[in-house]
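Undergrad: Dropping a structure here in structure tokens format, bear with me for questions.
The values are calculated or read from the model by the stated rules, or taken from the named source; none is laboratory data. The model shown is predicted, which means the values in this text are computed figures rather than measured ones. Positions of Cβ are generated from backbone atoms using ideal geometry, with glycine treated the same way; all protein chains shown enter the neighbour counts.
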Amino acid sequence: MNSLEFYFDYRSPYSYLAFTQFANLNANLIMVPFDILDVMKRVENVPTSVICGAKNRYVQKDLKRWAELYGVQLNRHPKANEIDARRLLRATLAAGQLGDMTSAAAAIFHARWRDHAPLETSEQIAALLGQAGFDKAALESMIDDAALDKALDELSAAAAARGVFGAPTFFVGEDMYFGNDRLDFVRNRLEVQQ
């Protein structure tokens, strides 16, 4: 089975949308969390849908279209501004050290973009992942560890060095694809590589 590297940040609704489609891909998924704002700064990119009102209005409609096409719920978390995105990413790295990063990402993506579960504190994130089968106490002690923060910085630097400029980004071998709307190209590339 071919490998698909998935570079993501939970702040990206398009990362969530792409993640909901991975069950339909015949690939070994390699999760690569990174800090999108750090990468954008490193590569001199800007979040245009945040600074351009017209693009933001378009993106809101576009997200609804994709959610309808995929048959998934997608709603902005009511406490999105209170959620520390780096803490979610560190929790994912911690979960990866304890077992299965993909299961942790699924729980966090759904909590962030579908279920609106509490995600503002380390305790809440650990409780969520505890419900997903992880050791809650171990996770809670790890989430805010400076070593994980450093690891996240290193992943972000490596992502930028590889050419990543936003999320979601996918790699099949050395071929890079950016955006949820490139999944058909990803699927075709995976089939060619088999």
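Undergrad: Restricting the search to the stretch 61-93, which residues are assigned to a helix (DSSP H, G or I), modelled with pLDDT of 95 or more and either under 30 Å from ALA138 (Cα atoms) or of a type in the set (Val, Ile, Thr) (or both)?
TA: ALA85, ARG86, ARG87, LEU88, LEU89, ARG90, ALA91, THR92, LEU93
Undergrad: In the stretch 6-30, what residues are surrounded by fewer than 20 Cβ atoms within 10 Å (Cβ to Cβ) and of a type in the set (Val, Ile, Thr)?
TA: If the condition is that a residue be surrounded by fewer than 20 Cβ atoms within 10 Å (Cβ to Cβ) and of a type in the set (Val, Ile, Thr), then ILE30 is the only one that fits.
Undergrad: Please go through the stretch 1-30 and give me each residue that is assigned to a strand (DSSP E or B) and of a type outside the set (Asp, Glu), ordered by number.
TA: Our first condition is that a residue be assigned to a strand (DSSP E or B); within the stretch 1-30, this holds for 3-8, 28-30.
Correct list: SER3, LEU4, PHE6, TYR7, PHE8, ASN28, LEU29, ILE30.
Undergrad: Could you list, in sequence order, the residues of the stretch 155-173 that are more than 19 Å from LEU93 (Cβ to Cβ), modelled with pLDDT of 95 or more and not in a strand (DSSP E or B)?
TA: Across the stretch 155-173, the qualifying residues are GLY163, PHE165, GLY166.
Undergrad: Here is a further query. Take the residues in the stretch 31-60 that are outside any helix (DSSP H, G or I) and surrounded by 14 or more Cβ atoms within 10 Å (Cβ to Cβ); name whichever of them is nearest to the chain's Cα centre (by Cα).
TA: Residues of the stretch 31-60 that are outside any helix (DSSP H, G or I), as a first pass: 31-35, 44-47, 52.
If we keep only those that are surrounded by 14 or more Cβ atoms within 10 Å (Cβ to Cβ) too, we end up with 31-35, 45, 47.
Numbers: MET31: 8, VAL32: 8, PRO33: 6, PHE34: 8, ASP35: 9, ASN45: 18, PRO47: 16 Å.
Per the criteria, the residue is PRO33.
Undergrad: Got a sec? Which of TYR58, TYR16 is under 22 Å from LEU93 (Cα atoms) and of a type outside the set (Gly, Ala, Ser)?
TA: Step by step, each of TYR58, TYR16 is checked, and only TYR16 is under 22 Å from LEU93 (Cα atoms) and of a type outside the set (Gly, Ala, Ser).
Undergrad: Out of the residues in the stretch 159-194 meeting the condition of being under 26 Å from LEU37 (Cβ atoms) and among the basic types (Lys, Arg), tell me which one is nearest to the chain's Cα centre (by Cα).
TA: Top of the filtered list is ARG182.
Undergrad: A further question on this structure: From the list GLY96, GLY71, exactly one residue is touching a residue at least 60 places away in the same chain (Cβ under 8 Å) and among the small types (Gly, Ala, Ser). Which is it?
TA: Just a single option satisfies the conditions, and that option is GLY96.
Undergrad: Now a separate question. Among the candidates ASP175, ASP145, ASP100, which residue alone is over 23 Å from ASN2 (Cα atoms), among the acidic types (Asp, Glu) and surrounded by fewer than 16 Cβ atoms within 10 Å (Cβ to Cβ)? Walk me through it before giving the result.
TA: Details: ASP175 fails: over 23 Å from ASN2 (Cα atoms); ASP100 fails: over 23 Å from ASN2 (Cα atoms).
On inspection, the qualifying residue turns out to be ASP145.
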